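Single-structure report; data block below.
The values are calculated or read from the model by the stated rules, or taken from the named source; none is laboratory data. Just so it is clear, the structure is predicted and the values come from calculations on it, not from any experiment. All Cβ positions, even for glycine, are placed from backbone atoms using ideal geometry, and neighbour counts span all protein chains on display.
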Amino acid sequence: MQIDYNKRIFGLDLMRAMAILLVVFSHVTWITPNAQGFIPDLMSIAGVIGVEIFFVLSGFLIGRIIYKFYVSDTFNFSSVFYFWVRRWFRTLPNYYLALIINICIALYIGTQLPSNLWQYVFFIQNFSQEIPLFFSESWSLSIEEFAYIIGPFLLYLSLFIKSNILKSRMFLWITLIVIIVFTITKLIYNINDDIKEIKFWNSNLKAIVIYRIDAIYYGVLAAYISIVKPKFWKHMKYIALIIGALIFLGLNAVIPLKHIFIETYTAFWNVWYLPINSVAIMFSLPFLSQMQSAPKLILKPITYISLISYAMYVLHYSIILQVLKYKLPTESLPKFDTLVYILVYLSLTILLSYVVYRFYEKPMTDLRDSSRVKRNFK
């Protein structure tokens, strides 16, 4: 696999690699369900943080793209639709492949398919309700897809507003409006929340589209700042990194130390915990987006994991680990055998993800640059 390292930003690859590794390692807890203590608890949190990193990073990358075509003189609905087409070539092939494989696995092992299976086709399986125990990691992909649609569509509608506001400023206002609206949805959820426990929160707020779009738009806000205030963005990278680290570490350290749990501090968990994490991750972007390269010993494996991260995400849990658990349950395995099991799980995830990326994902993504796609959609 040939990689042009000069066209990549190592810091963003590092974010993506860290995010997927946190998610993949977090699901080791399914292999060791009886494990207790600090490390298993930390691994459970790691999965949450990994997805939040994905959200903010995704917002940053698409935000820079959206901003540039929005402020151009040629911006129209065709621009919006072409953006969507390019995102769909990037996101849909892996998603539908994983969906089909999940259906085949369910039929093979004899588990019942969800009654709302059709909703997975349109990414609405977790739009406003808890996702079934089927292709469960798809919850974050639904949030991303709706985030890709909402922002550009609102920007297009802004063309019909008679105003003297500059496009650059309008982009900022729309970004802030999206963040505010989806913070309000969490406030509404908090008012109506009757079940105050972390498992319910995890599946009925954290993983629901109508409460989570703002996570991606913190990244879009960072993209706006990076373009409009490039000197500020450049000079603040160390200070912002320190502030972000202090917020992130302080938040996630104070919670267990001060026993700030959802049963007692419901509003904090329902409304503020996830956005504060998003802000902390956003503060790391000035530093990481300017980290162009690294020593080859680190550069190559991080870039490799970054490239196959999407395939890893859709394959590792509901496909690879589910089949492994079906063929060989782990509840009674000795410690050494459990360690071997974990290594097999990680190895299979990396190997099969490379195969999917190399022979399916990348060819499908490359189609968006074909003359036929550009001719019909650009």
Inset, instruction - Could you give me the residue pairs with C-beta distances under 9 Å whose first residue belongs to region 1-19 and is among the aromatic types (F, W, Y), whose second residue is outside any helix (DSSP H, G or I) and surrounded by 13 or more Cβ atoms within 10 Å (Cβ to Cβ) wherever it lies, and which are 6+ apart or on separate chains? - result: Y5/S293; F10/M291; F10/S293; F10/A294
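Yes or no, residue by residue, for (1) within 27 Å of Y317 (Cα to Cα); (2) out of contact with any helix residue (DSSP H, G or I) (no Cβ under 9 Å at 6 or more places or on another chain):
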{"residue": "L141", "(1), (2)": "yes, no"}
{"residue": "A147", "(1), (2)": "yes, no"}
{"residue": "L176", "(1), (2)": "no, no"}
{"residue": "N192", "(1), (2)": "no, yes"}
Inset, instruction - Among the residues of region 97-120, count how many are assigned to a helix (DSSP H, G or I) and in contact (Cβ under 8 Å) with a residue 12 or more places away in the chain. - result: 11
Inset, instruction - Could you tell me which residue of region 8-44 is surrounded by the most Cβ atoms within 10 Å (Cβ to Cβ), considering only residues that are within 27 Å of F283 (Cα to Cα) and polar (S, T, N, Q)? - result: S26
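Of all residues in region 206-231, how many are under 13 Å from F283 (Cα atoms) and surrounded by fewer than 22 Cβ atoms within 10 Å (Cβ to Cβ)?
Pass one, region 206-231, residues under 13 Å from F283 (Cα atoms): 218-223, 225-226.
Of the ones still in play, those that are also surrounded by fewer than 22 Cβ atoms within 10 Å (Cβ to Cβ) are 225-226.
Number of matching residues: 2.
Determine which member of the set I308, I320 is of a type outside the set (D, E, K, R) and touching an Asp or Glu at 6+ places or on another chain (Cβ under 9 Å).
On the way: I320 fails: touching an Asp or Glu at 6+ places or on another chain (Cβ under 9 Å).
The unique qualifying residue is I308.
Please work out if V340 is free of Cβ contacts under 8 Å to residues at least 40 places away in the same chain, of a type in the set (V, I, T) and over 24 Å from A106 (Cα atoms).
Details: free of Cβ contacts under 8 Å to residues at least 40 places away in the same chain: yes; of a type in the set (V, I, T): yes; over 24 Å from A106 (Cα atoms): yes.
Here the answer is yes, as V340 does meet what is asked.
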Legend entry - Selection count, region 285-300, where residues are assigned to a helix (DSSP H, G or I) and at pLDDT 95 or above: 4
Legend entry - Residues that are among the small types (G, A, S) and touching a residue at least 12 places away in the same chain (Cβ under 8 Å), drawn from region 22-74: S26, S44, A46, G47, G50, S58, G59, G63
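State all residues of region 364-373 that are free of Cβ contacts under 8 Å to residues at least 12 places away in the same chain and within 22 Å of the chain's Cα centre (by Cα); if no residue qualifies, say none.
Pass one, region 364-373, residues free of Cβ contacts under 8 Å to residues at least 12 places away in the same chain: 366, 369-372.
The one that is free of Cβ contacts under 8 Å to residues at least 12 places away in the same chain and within 22 Å of the chain's Cα centre (by Cα): D366.
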Legend entry - Unmet requirement for K206, which otherwise passes all of (1) of a type outside the set (V, I, T); (2) in a helix (DSSP H, G or I); (3) touching a residue at least 12 places away in the same chain (Cβ under 8 Å): (2)
